[in-house]
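Student: Just dropping this structure here.
The values are calculated or read from the model by the stated rules, or taken from the named source; none is laboratory data. Just so it is clear, the model here is predicted, and its values are computed rather than measured. Cβ sites come from the backbone with ideal geometry, for glycine too, and all protein chains shown count toward neighbours. Keep in mind that these areas ignore ligands, DNA and RNA; they rest on the heavy atoms of the full protein, side chains included. Shrake-Rupley method; radii C 1.70, N 1.55, O 1.52, S 1.80 Å.
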Amino acid sequence: MENLFRLFDQDQGFFQRKWTLVNGPLIVGAGPSGLATAACLREQGVPFAVLERAECIASLWQKRAYDRLKLHLPKQFCQLPKLPFPEDFPEYPTKRQFIEYLESYAKRFDINPKFNECVQSARYDETSGFWRVKTVSGASKTEFEYICRWLVVATGENAEFVVPDIEGLADFGGEVIHAGEFKSGEKFKGQKVLVVGCGNSGMEVSLDLANHNASPSMVVRSSVHVLPREVFGKSTFELAMLMMKWLPLWLVDKLLLILAWLILGNIEKYGLKRPSTGPLELKNSQGKTPVLDIGALEKIKSGDVQVVPGIKRFSRGQVELVNDQKLDVDSVVLATGYRSNVPSWLQEGEFFSKNGFPKAPFPNGWKGKSGLYAVGFTRRGLSGASSDAMKIARDIGKVWKQETKQQQKRTTACHRRCISLSQL
């Protein structure tokens, strides 16, 4: 139920703002993390509301993912709670198939987000004991306020592009896009393209460019772990998880690197230096994901993708590297990653750190104080988000059921008293 209240502003005078009291938790974000939390709450019998700034669910996948993208891990490690992928889906579903799965997931659990609702601020009101979440809606920029007891932050690790400040980039003159805006290498056919970054996105963008007869050069500024996606027909991730049940992490890392060397060979001679820390330890300690190779390495070995060192500066149609080499470049793709946007709107400093991630390390970063929760910030992909979603739903569900039971008892007692009085 929407309500109106009058506010006074020194410049605007009196004005009205719509507001509503949310019956249950408010989830900010309708990506996989938000959908998983909503589905788990539905199973607990807890009502909820979901806000999404875009006009669709999973906007990162629908609007900011390149066409050739597939899930990097087998589908059983990427399914959300309560609903497996269809059996006829391949082991590594495509971007389109994953979006179809998420749409069917939202339909299955009757999740209907409020789209085009961009959260401007959220703060906890100590006096009332409620969260006050202010939004701006649609093209009309209508202001609205949601008042809720529980706030679930599900905006994720990849809400905003990271765009580095590189000397001379503004004067480059050619096309400069972020990997989140890259769709296909087809439009770059025949061009010399500089790909800045060598993570999974940088590798796949370079591969796609090479497949479309562009000439990509990939900037590798720091060390990187490259692992085969599969080892002898079995998922490398699945194999690692299996070994982790029996072996210490350092030994699993050693075995993974031996297998990578046997399958991929010595990658350092191609300009890809490995970190001194093992791939799993690095993922756990710094959240840095190893690259799972799906063909880019062959393009590097054949020379179709050039590996170059860090950038010193750009100039008109050219880039100068830290080794003083100069390259003519037509276009630039910044595969420089993403960041959380939580600090820009959540007015809270105890649970979340300045980088937009919960301060408590995994597996304790899902619950804060005063009804604040976080889902999708584990740096452990979809399985980590699913784990947090189930914990959050159980935690809220427990309180909800207890209070519902108490309310029912009060209602029943009141009803009995009314009957007794009517019989006097």
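Student: Open to solvent by less than 20 Å² (accessible area, probe 1.4 Å) and in a loop (DSSP other than H, G, I, E, B), is that true of G356?
Tutor: Details: open to solvent by less than 20 Å² (accessible area, probe 1.4 Å): yes; in a loop (DSSP other than H, G, I, E, B): yes.
Judged against the criteria, G356 is a match.
Student: Ok, one more. For the subset of region 285-296 comprising residues that are outside any loop (DSSP other than H, G, I, E, B) and closer than 14 Å to G199 by Cβ, which member is farthest from the chain's Cα centre (by Cα)?
Tutor: By that ranking, first place goes to A296.
Student: Between a first residue in region 381-399 that is closer than 24 Å to F237 by Cα and of a type in the set (G, A, S) and a second residue that is open to solvent by 10 Å² or more (accessible area, probe 1.4 Å) and in a helix (DSSP H, G or I), which pairs have beta carbons less than 7 Å apart while being 6 or more apart in sequence or on different chains?
Tutor: S383/F77; A385/P32; A385/S33; A389/S33
Student: Kindly provide the set of residues from region 94-121 that are crowded, with 16+ Cβ neighbours inside 10 Å, within 26 Å of G138 (Cα to Cα) and touching a Phe, Trp or Tyr at 6+ places or on another chain (Cβ under 6 Å), ordered by number.
Tutor: Answer for region 94-121, where residues must be crowded, with 16+ Cβ neighbours inside 10 Å, within 26 Å of G138 (Cα to Cα) and touching a Phe, Trp or Tyr at 6+ places or on another chain (Cβ under 6 Å): I99, V119.
Student: Looking at (1) within 23 Å of P93 (Cα to Cα); (2) open to solvent by less than 20 Å² (accessible area, probe 1.4 Å); (3) assigned to a loop (DSSP other than H, G, I, E, B); (4) modelled with pLDDT of 95 or more, which one does L35 not meet, given that it meets all the others?
Tutor: Every listed condition holds for L35 apart from (3).
Student: Within region 383-406, take every residue that is open to solvent by 90 Å² or more (accessible area, probe 1.4 Å) and of a type in the set (S, T, N, Q) and give me the one that is modelled with the highest pLDDT.
Tutor: Q402
Student: With the requirement that a residue be open to solvent by 80 Å² or more (accessible area, probe 1.4 Å), at pLDDT below 95 and within 21 Å of A296 (Cα to Cα), what does region 235-260 give you?
Tutor: none
Student: Follow-up. Within region 65-76, take every residue that is out of contact with any strand residue (DSSP E or B) (no Cβ under 6 Å at 6 or more places or on another chain), open to solvent by 50 Å² or more (accessible area, probe 1.4 Å) and not acidic (D, E) and give me the one that is farthest from R394 (Cα to Cα).
Tutor: R68
Student: For E281, are the conditions met, namely being under 16 Å from H225 (Cα atoms), modelled with pLDDT of 95 or more, open to solvent by 80 Å² or more (accessible area, probe 1.4 Å) and acidic (D, E)?
Tutor: For E281, the condition - under 16 Å from H225 (Cα atoms), modelled with pLDDT of 95 or more, open to solvent by 80 Å² or more (accessible area, probe 1.4 Å) and acidic (D, E) - is not met.
Student: Restricting attention to region 195-210, does a residue exist that is of a type in the set (S, T, N, Q), open to solvent by 50 Å² or more (accessible area, probe 1.4 Å) and modelled with pLDDT of 95 or more?
Tutor: no
Student: E91: in a loop (DSSP other than H, G, I, E, B), surrounded by fewer than 19 Cβ atoms within 10 Å (Cβ to Cβ) and touching a Pro at 6+ places or on another chain (Cβ under 7 Å), yes or no?
Tutor: Criteria met by E91.
Student: Please work out which residue is least open to solvent (accessible area, probe 1.4 Å), limiting yourself to region 284-314 and to residues that are out of contact with any strand residue (DSSP E or B) (no Cβ under 7 Å at 6 or more places or on another chain) and aliphatic (A, V, I, L, M).
Tutor: Looking only at region 284-314, we keep the residues that are out of contact with any strand residue (DSSP E or B) (no Cβ under 7 Å at 6 or more places or on another chain), and these are 284-289, 294-296, 298-299, 301-304, 314.
Next, from what is left, pick out any that are aliphatic (A, V, I, L, M): 294, 296.
Details: I294: 60, A296: 6 Å².
Ranking the candidates gives A296 first.
Student: In this structure, does T135 turn out to be in contact (Cβ under 8 Å) with a residue 60 or more places away in the chain and either in a loop (DSSP other than H, G, I, E, B) or farther than 30 Å from V319 by Cβ (or both)?
Tutor: Considered against the rule, which asks whether it is in contact (Cβ under 8 Å) with a residue 60 or more places away in the chain and either in a loop (DSSP other than H, G, I, E, B) or farther than 30 Å from V319 by Cβ (or both), T135 comes out as yes.
Student: Find all pairs meeting these conditions: Cβ atoms under 6 angstrom apart; at least six residues apart or on different chains; first residue within region 84-109 and touching a residue at least 40 places away in the same chain (Cβ under 8 Å); second residue open to solvent by less than 30 Å² (accessible area, probe 1.4 Å) and part of a helix (DSSP H, G or I).
Tutor: Correct list of pairs: Y105/L35; A106/L35; F109/A39.
Student: Okay, moving on. Only residues in region 32-58 that are under 13 Å from D395 (Cα atoms) count as the first member; pair them with residues that are of a type in the set (S, T, N, Q), Cβ under 9 angstrom, at least 6 apart or cross-chain, and list the lot.
Tutor: Hits for this filter: C40/S386; G45/T404.
Student: Find all pairs meeting these conditions: Cβ atoms under 8 angstrom apart; at least six residues apart or on different chains; first residue within region 295-316 and more than 16 Å from E268 (Cα to Cα) and of a type in the set (A, V, I, L, M); second residue open to solvent by less than 50 Å² (accessible area, probe 1.4 Å) and not in a helix (DSSP H, G or I).
Tutor: That search, which allows pairs on different chains as well, returns I311/I166; I311/V196; I311/V219; I311/V319; I311/E320; I311/L321.
Student: Report the residue count in region 265-284 for those that are in contact with a Ser or Thr (Cβ under 7 Å, 6 or more places away or on another chain) and either in contact (Cβ under 8 Å) with a residue 60 or more places away in the chain or part of a helix (DSSP H, G or I) (or both).
Tutor: Adding up the residues that qualify gives 1.
Student: Okay, moving on. Would you mind finding the one in V322, V399, V333 that is of a type in the set (A, V, I, L, M, F, W, C) and in contact with a His (Cβ under 9 Å, 6 or more places away or on another chain)?
Tutor: On the way: V322 fails: in contact with a His (Cβ under 9 Å, 6 or more places away or on another chain); V399 fails: in contact with a His (Cβ under 9 Å, 6 or more places away or on another chain).
None of the others qualify; the one that does is V333.
Student: Can you pull out the strands (runs of 3 or more DSSP E) entirely within region 154-236 that have at least 3 residues that are among the aliphatic types (A, V, I, L, M)?
Tutor: Here the list reads 192-196.
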